[in-house]
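In what follows, a structure is listed as C-alpha cells, so that the remarks can point back to it.
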Amino acid sequence: MSSNIIMRTRDLSAGFGDHLVLNGLSLDVRRGEILGVVGGSGAGKSVLMRTILGLLPKRSGHIEIFGEDLDEIDDERHQTIERRLGIMFQQGALFSSLTVLQNIQFQMRENLHISQRLADEMAVSKLEMVGLQADDGAKQPSELSGGMTKRVALARALALDPEFLFLDEPTSGLDPISAGEFDDLIRTLQKTLGLSVFMITHDLESLYAITDRIAVLADGRVVLTGALEDMLKSDHPWVKSYFQGKRSGGIAARLERQKQRS
Amino acid sequence: MNKGALLSGRFNEGTLELVAGGSWTAVHAGELEELIDQWLARTGAENGESGPSPARQVRVDLGRVDEFDTYGAWLLERLRRSLRAREMEMHITGLPGHERELLQTMHNVNQPMPTEGAPGHSPVRMIRNAMQTVGRAMSGIGADLRSFNAMLGTLSAAFVRILLQPRRFRLTSAVHQLDRVGWRAVPIILLITFLIGAIIAQQGFFHFRKFGADIYVVDMVGILVLRELGVLLVAIMVAGRSGSAFTAELGSMKMREEIDALKTMGFDPVEVLILPRVLVLIVALPMLTFLGSMAALYGGGLVAWLYGGMDPDIYIERLKEAINLTHFKVGLIKAPFMGAVIGVLACMEGLKVRGSAASLGQQTTRSVVKSIFMVIVLDGLFAMFFAAIGM
Ligand SMILES: Nc1ncnc2c1ncn2[C@@H]1O[C@H](COP(=O)(O)OP(=O)(O)O)[C@@H](O)[C@H]1O
Ligand SMILES: [Mg+2]
C-alpha cells in the first residue's frame, strides 16, 4: 500500500433499468487531498458516491479503496475498510429517534470497546470540533437548524477518525456565510486529522476555497480532472459555462489577480 | 500487538517515565484507556507502601507512536487534566508537528467536563414517577376528548362551508379515497366476515345439537351478525387498514412540512385533507357492513348445509322468521358513526406527529388502538340506547 492513491475506480458503470447513469467512469483520489466532484444536476454525482460505497450495485468496473479491490475481499476486510471511511449524506441522514450525542456514538458502540465515559467525552469533542456546543448533544435531530444538522452529520462521519471522508453537497442549502464557515471547518479538520476527502459540490466558492483538485462529471464519465486553472482553460461546453458563466462570480478573474499578486 | 507496546513506564526519582508506542488510535482506545488509568492509579500510591514512590511529575515519550488520532490525543489530554488535578506536571516529548496540532485541538474541547444528572433510583422517586405517569395519562384522556371535540367542531364548520359552496368539495380526492378504503377493502372484508359467520354457525351446531335446538342456530347467526358482529368486524378491520393509513399519510405530510405549505397557500388542511377522508369513511362503512353481513350469513348458511345437514331452503325460511328489518337497521345505523370516529381519530393522531420517524410509528399505533377502543365503546352505548327505545 505504498501508493498515494487512496481510491481508484476503473470503467465503472451503474444505472437504473435501461438508464445508464455512470458509463465507464474512471477516477482517482490521492491520499491527503480534497477532491471536488462537480457536474450538472442529475449528472450522477450521488449515484457515483453510492456506487463506490456499495449502496448501489455496479454493472461493471473495479473499485479499489486503500489499495484493495472491493470485489476480491471477504466481508470482514470489507468491514475494516468501512470503518476507515466517514460518510456524510446529502440530507444528513441523522437517526431521528436518537439524540445528537447518541447519533455520534452510534458507531463507537458497535466498533470500539471503550468505556461510556470515554465515548461521551469523544462525542462531545467531535461536537465541539465541528463548532457546536456540548449541550447541543442532548437535542433531537428535529430540533436542529439546517446548518446544525450538517455539522452533526459531519461530526458523526468523523466519529471513528476515518482516513477517507465522503461528503455529498455539504454546503448546499446553507447561506453563504455558513457555507464559508463550513468550508473552513472541512479544511481545518482535513489538515489536523490528515484526511482525504471526496466532496460532491455545486458550490463554486467551495471549489475555489478548499479543493486541491476537481473532477467534472458529464455523460456518465469524468470528462476532466485537474486544478481550477485547468478548468478555466477547458473547452468542454459544460465546464466552460459552469466556470465562466454568469453565476461563476468571476472566479477566473479572481484567480488571475491572485496569480499576479504572488 | 501486545499491550506493553502501547504504553510502558517506570518510576525514576519522583518522575514517572511513560513510553508510548504503536497505534494510539480509535481501535486501541479501549486498551489505552485501561493502561492509562492503571498508571494514573499508581502515581497516587501512598508513601511508605511497598509500591513505587509517588511521582511528582510525568514524562511521556511519544517517539515510538506511529499512528495517532483524536482518540489518542484525547486520552493524552485527559491524562494531563487528571494529573493537573493532582498538582502534577506532564511533559510530552517526541511528538511530530502535525500531531501537536491535533493535541492542541483536543486541548480546546471538552473544557468543562460533561456532567450528567445522576438518574437516581430511590424508592420515593420511583413512586413519584409512577404517580406522574398515571396523572399524565389521566389528563391525557381529558385532553384527547377536548381535541376530539375541537376536531369535530372544525370538521362540521368545514362541512357547512362545503354545503354552502359545493364546488369547493374535493370530489376527485374523495373518489380516490373511496376506491382505496371502500372498494379495495371488499375482498378482505368478505373473506373475514364469511369465515366468522361460518365459525359461529359451526360452534352453534356443535353445542345446540346437544339440546336438539339446531334450528335456533339460524336465529343466533342472523341476529348476532346483523346487529353486532357485521358492523364491529368491519369497523375494526377498517380501523386497522384505513385508519392507520390515514395517520401515516397525514403524519408524514406533517413531518415534511407539506401541511404547513398547504396552509401558507391559503388552503385549510381540514377541508382539503381531513374532511374528504372522514366523509368517505362515513359513506364506506355502511356499504362494507352490508356486504360483510351478507357474507357472514352466507358463511353461516354454508356451514348449516355442509356441517349441520340443514337444507338451504330451510335455512332461508328460518332466517326470514328469525330476523326482521329492525335488526338490519340497528347494524347499519351504527356504521356511519363508527366510520366518523375512526376517521377523526386517525386524522387527529396523524396531525400530532412530530419530527421523528419513531413518532410516526407511535401515532399510527395509537390511532389504531384508540379507534378500536372507541368503536367498541360506541357499540356499547348504542346497545344501551337501542335497548332503551326497544329496537
Ligand atoms: N433510485 C433511483 N431510481 C431511478 N433513477 C435514479 C435513482 N436515483 C437517481 N436516479 C437517476 O440517476 C441520475 C443521477 O442522479 P444523482 O446521482 O442523484 O444526480 P446528482 O448528480 O444531482 O447527485 C438522475 O437521472 C436520476 O434521475
Ligand atoms: Mg445529488
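The values are calculated or read from the model by the stated rules, or taken from the named source; none is laboratory data. All values reported here derive from a predicted model rather than from experimental measurement. Cβ sites come from the backbone with ideal geometry, for glycine too, and all protein chains shown count toward neighbours. When the accessible area is computed, the model is the full protein with side chains, heavy atoms only, and any ligands, DNA or RNA have been set aside. Shrake-Rupley method; radii C 1.70, N 1.55, O 1.52, S 1.80 Å.
Taking R0 as 41 Å, what FRET efficiency do you get between A:E229 and A:D11 from their Cβ-Cβ distance, rounded to the nearest 0.05? Computed FRET efficiency for A:E229 and A:D11: 0.90. Where only DSSP H runs of four or more residues are counted, chain B gives -22500 deg cm²/dmol as its mean residue ellipticity at 222 nm, each run worth -39500 (n - 2.57). Quick check on chain B: of the DSSP beta bridges with both residues there, what percent are antiparallel, nearest 5%? The answer is about 30 percent antiparallel.
In this Cβ point-charge picture (+1 for Lys and Arg, -1 for Asp and Glu), the protein assembly as shown has a dipole of about 2080 debye about its Cα centre.
Surface listing: B:Y71, A:Y208 arranged by accessible area from highest to lowest gives A:Y208, B:Y71, probe 1.4 Å. B:V124 sits with roughly 100 Å² accessible to a 1.4 Å probe, with DNA, RNA and ligands left out of the calculation.
Buried area at the B:A interface is about 2000 square angstrom, summed over both chains, from accessible surfaces computed with a 1.4 angstrom probe.
Think of region B:5-107 as a dipole: +1 on every Lys or Arg Cβ, -1 on every Asp or Glu Cβ, centred on the Cα centre; then among B:G63, B:S23, B:L6, B:G63 lies furthest on the positive end. Tally Lys and Arg at +1 and Asp and Glu at -1 over the other residues with C-beta under 15 Å from the C-beta of B:E317: what net charge comes out? Local net charge: -3. Between the amide H of A:I214 and those of A:G36, A:G226, A:A227, distances stay under 5 Å, these residues lying 5 or more places away or on another chain, with hydrogens modeled in the peptide plane. Let me know the shape class of region B:126-261, please: from the alpha-carbon gyration tensor, a ≥ b ≥ c as square roots of the eigenvalues, rounded when a/c is under 1.5, otherwise prolate if a/b is greater than b/c, or oblate. Since a/c reaches 1.5 but b/c is at least a/b, the shape of region B:126-261 is classed as oblate. Would you be so kind as to identify which of B:F205, B:V217, B:G355 lies farthest towards the positive end of the dipole of region B:161-388, taking Lys and Arg as +1 and Asp and Glu as -1 on Cβ and the Cα centre as origin? Value: B:G355. Sort region A:130-207 into rounded, prolate or oblate with this rule: let a ≥ b ≥ c be the square roots of the eigenvalues of the Cα gyration tensor; rounded if a/c is under 1.5, and if a/c is not under 1.5, prolate when a/b is larger than b/c, oblate otherwise. Judged from the Cα gyration tensor, region A:130-207 comes out oblate (a/c at least 1.5, b/c at or above a/b).
Mind checking which of B:V278, A:H202, B:Q38 is farthest towards the positive end of the protein assembly as shown's charge dipole, using Cβ charges of +1 (Lys, Arg) and -1 (Asp, Glu) about the Cα centre? Highest projection toward the positive end goes to B:V278. For chain A, a crude dipole built from +1 on the beta carbon of Lys and Arg and -1 on the beta carbon of Asp and Glu, taken about the Cα centre, is about 720 debye to the nearest 20. Note on region B:5-107: with charges restricted to the Cβ of Lys and Arg (+1) and Asp and Glu (-1), its dipole about the Cα centre is near 280 debye. The B:N149 and B:E89 beta-carbon pair, evaluated with R₀ = 51 Å, returns a calculated FRET efficiency of approximately 0.10. Packing, taken as the mean count of other beta carbons within 10 Å per residue, orders the peptides B:185-198, B:262-275 from highest to lowest as B:185-198, B:262-275. Comparing B:A322, B:A346, B:A235 in a Gaussian network model of chain B (Cα springs below 10 Å), the most mobile by mean-square fluctuation is B:A322.
Computed from backbone phi with θ = phi - 60° and the Karplus coefficients 6.51, -1.76 and 1.60, the 3J(HN,Hα) list for region A:211-218 is 7, 8, 9, 10, 10, 9, 9, 7 Hz; x is used for glycine and proline.
Which net charge results for the neighbourhood of A:G15, defined as the other residues with beta-carbon distances under 10 angstrom from its beta-carbon, given Lys and Arg at +1 and Asp and Glu at -1? That works out to +1. Surface composition of the protein assembly as shown: carbon and sulfur make up 58 percent of the accessible area, probe 1.4 Å. Comparing A:A123, A:A159, A:A93 in a Gaussian network model of chain A where C-alpha atoms under 10 Å apart are linked, the largest mean-square fluctuation is found at A:A93. For the set B:T154, B:T172, B:T15, solvent exposure ranked by accessible area (probe 1.4 Å, protein chains only) runs largest to smallest as B:T172, B:T154, B:T15. Pairs over the 19 Å Cα-Cα cut-off, from the set B:K263/B:K352; A:K233/A:K259; A:K58/A:K150; A:K45/B:K254: A:K58/A:K150; A:K45/B:K254.
Run the numbers for A:Q258 and A:T188: contour at 0.36 nm per residue of separation, minus the present Cα-Cα distance, in nm.
23.0 nm
Distant-in-sequence amide contacts of B:L7, defined by a placed amide H-H separation under 5 Å and a gap of 5 or more residues or a different chain, comprise B:G21. I want the antiparallel fraction of DSSP beta bridges within region B:5-107, as a percent rounded to 5. Percent antiparallel among DSSP bridges in region B:5-107 is about 30.
Quick one: grab the alpha carbon gyration tensor of chain A, order the square roots of its eigenvalues as a ≥ b ≥ c, and give me rounded if a/c is under 1.5, else prolate or oblate depending on whether a/b is larger than b/c. Verdict is oblate for chain A.
Phi angles across region A:165-174 convert, under the Karplus curve 6.51 cos²θ - 1.76 cosθ + 1.60 with θ = phi - 60°, into 3J(HN,Hα) values of 10, 9, 10, 9, 6, x, 9, 5, x, 9 Hz, Gly and Pro given as x. Where both bridge residues fall in the protein assembly as shown, DSSP classifies roughly 45% of the beta bridges as antiparallel. Amide hydrogen proximity for A:F166: with H placed 1.01 Å from N in the peptide plane, the residues at 5 or more positions away or on another chain lying under 5 Å are A:G86, A:I87, A:M88, A:F198.
Give the residue list of GluC sites (Glu not before Pro) in region A:120-226 that are DSSP loop and have at most 15 other beta-carbon atoms within 10 angstrom.
On the way: sites: A:E121, A:E128, A:E143, A:E163, A:E181, A:E205; in loops: A:E163.
Passing sites in region A:120-226 do not exist.
For A:Q102 and B:V124, what is the calculated FRET efficiency with R₀ set at 25 Å and r taken between the beta-carbons, to the nearest 0.05?
0.30
Model label sites at B:A358 and A:S60, defined 7 Å from Cα along the beta-carbon direction, differ in position by 4.7 nm. I'd like the distance between the alpha-carbon centres of region A:218-246 and region A:1-54, rounded to an integer number of Å. So the separation of the two Cα centres works out to 17 Å. Measuring with a 1.4 angstrom probe and ignoring ligands and nucleic acids, A:H202 comes out at about 80 Å² accessible.
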